[in-house]
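Only one structure is covered here, and it is reproduced in the block below.
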Amino acid sequence: MIQDRFERPLRSLRISVTDRCNLRCQYCMPEAEYAWLPRESILDFEEIAVLADAFTSLGVDRVRLTGGEPLLRRDLPTLIELLAARPAIRDLALTTNGVLLGRHVEALKAAGLHRLTVSLDTLRRDRFQALARFDELPAVLAGIDAAARVGFASLKIDTVVLRGRNDDELPALLAFGKAAGAEVRFIEYMDVGGATDWSMDAVVSRRDILARLSDVYGPIEGLTGRDSAPAERFRLPDGTTFGIIASTTEPFCAACDRSRLTADGLWLLCLYARGGLDLRHPLREGATHEELAHLISTVWSMRADRGAEERLSSPARDVLIPVAALKRDAHLEMHTRGG
Ligand code: SAM
């Protein structure tokens, strides 16, 4: 297993399969127009599998498919089958906004997907439409219901908590998750590329989330064992468990074993990174498995970033990347990086 300069292993890879999305969540894609990755640069499934093999040969054993919206990628179950057939990948997960889930969930399960996370920020239809710009809440709820019936090793719901927009729905979301058999994870609003409306005032911190929930439910027990997983887990007095991902106010760079591959093969070591390693060109120019693995291990072993911690210590924390820069380079966008 290779390690970076802070002894962090390379274990978890998020693969974005498309930069396209069928929602326009205001904390991620608030603009009217976007520059998209050119179609011919998008990796095909064989190319993704070749890169996945290079990564697993270096210790990656967890893969999460994401996007954009991954269910917009045609024939996604074929990619899942390819990856699920690789024993080195012990954990194969997908993050989706759920809009197309009802239609695809059985094929995803049949293809061998282990775990599923659905993003859901509100249970109110008017709010969903205001936040995501499409009236798709009924489709998302039907998708979650279908996923619960199909049965995955785990089903999670990820909620970005935004002050004044959905932060009065935390108990309702927990109750919904419990009924659906899904663990809810509350995510602090992050100042990632694309979050051009971000401000610290809109962030509801881990501490605030816990305070509000303990006002409603009583004492909350912290569960140990965050390891490298981003969510810290908790238990309510009634036994309901949930997570908080506090990347904005209490980042966990020291335990980060994640990296990200964009749909066009740019490998990013940190969600906050300004650039990454282009793997598409060597791959398309015929680099061997060993050459690709060598490139990856060289870059990982030099890794020294602590992006979220650096953001925390920046004196005047504001929008990370201005719109003009995002328009010049789609790779800076959260929806290209995969979240
Ligand atoms: N379309 C899929 C989905 O909605 O889950 C996958 C891609 S999306 C970029 C992945 C995750 O990133 C979602 O859970 C989304 O809520 C989260 N995300 C996007 N922008 C964010 C931000 N500014 N702060 C925190 N989380 C964010």
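Using helices alone, what [θ] at 222 nm do you get for the chain, with -39,500 (n - 2.57) per DSSP H run of 4 or more residues, divided over all residues and rounded to the nearest 500?
Taken over the chain, the calculation gives -9500 deg cm²/dmol.
Computed on the chain, with alpha-carbon pairs under 8 angstrom and 6+ residues apart, the relative contact order is 24 percent. Comparing Leu83, Leu131, Leu236 in a Gaussian network model of the chain (Cα springs below 10 Å), the most mobile by mean-square fluctuation is Leu236. Overall size of the stretch 1-120 from C-alpha positions, given as principal axis extents largest first: 43, 36, 31 Å.
At a Cβ-Cβ separation cutoff of 4.7 angstrom, cysteine residues of the chain with no neighbouring cysteine are Cys21, Cys253, Cys256, Cys270. Choose one answer from Ser214, Ser259, Ser205: the residue with the largest mean-square fluctuation in a GNM of the chain with alpha-carbon springs under 10 Å. Greatest mean-square fluctuation among the candidates belongs to Ser214. In the stretch 180-332, the portion of solvent-accessible area held by carbon and sulfur atoms comes to 54 percent [1.4 Å probe, whole percent, DNA, RNA and ligands not counted].
Given a 1.4 Å probe and every protein chain left where it sits, what share in percent of the accessible area of the stretch 35-123 is carbon and sulfur?
49 percent
Taking all protein chains into account, the per residue accessible area for the stretch 15-93 stands at 40 Å² (1.4 Å probe).
Around Phe128, under 13 Å between beta carbons, what's the net of Lys plus Arg minus Asp minus Glu among the other residues? Provide the component values of the computation, followed by the final result.
Numbers: positive: Arg24, Arg124, Arg125, Arg127, Arg133, Arg165; negative: Asp121, Asp126, Asp135, Glu136, Glu169.
Taking every other residue near Phe128 into account, the sum is +1.
Rolling a 1.4 Å probe across the protein heavy atoms gives the stretch 192-339 an accessible surface of 44 Å² per residue.
Cβ-Cβ distance of Glu31 and Asp135, R₀ of 22 Å, FRET efficiency by 1/(1 + (r/R0)^6): the value works out to about 0.65.
Can you tell me how much longer the chain between Thr224 and Asp278 gets when fully stretched, taken as 0.36 nm per residue apart minus their C-alpha distance, in nm with one decimal?
Values: separation 54, 0.36 × 54 = 19.44 nm, distance 3.72 nm.
Between Thr224 and Asp278, full extension yields 15.7 nm more.
I need the trypsin sites (Lys or Arg not before Pro) found in the stretch 44-132, filtered to DSSP loop residues with at most 10 other beta carbons within 10 Å of theirs. Don't skip to the end; give the middle numbers.
Working: sites: Arg62, Arg64, Arg73, Arg74, Arg90, Arg103, Lys109, Arg115, Arg124, Arg125, Arg127; in loops: Arg73, Arg74, Arg90, Arg124.
Hits after loop and neighbour filter: Arg74.
With the chain treated as a Gaussian network of Cα nodes joined by springs under 10 Å, which of Arg306, Arg233, Arg317 yields the largest mean-square fluctuation? Looking only at Arg306, Arg233, Arg317, the biggest GNM fluctuation is shown by Arg317. Given 37 °C and 0.692 mPa s, compute D for the stretch 216-339 with the Stokes-Einstein relation, Rh being the Kirkwood radius over Cα pairs; round to the nearest whole µm²/s. Once the numbers are plugged in, D ends up at 192 µm²/s. Under the shape rule built on the C-alpha gyration tensor, where the axes satisfy a ≥ b ≥ c, the chain is rounded, since a/c falls short of 1.5.
The values are calculated or read from the model by the stated rules, or taken from the named source; none is laboratory data. The shown structure was predicted, so the numbers you read here are calculated from the model rather than taken from an experiment. Glycine also receives a Cβ, built like all others from the backbone with ideal geometry; neighbour counts cover every protein chain displayed. These area figures cover heavy atoms from the full protein model, side chains too; ligands, DNA and RNA do not enter into them. Shrake-Rupley method; radii C 1.70, N 1.55, O 1.52, S 1.80 Å.
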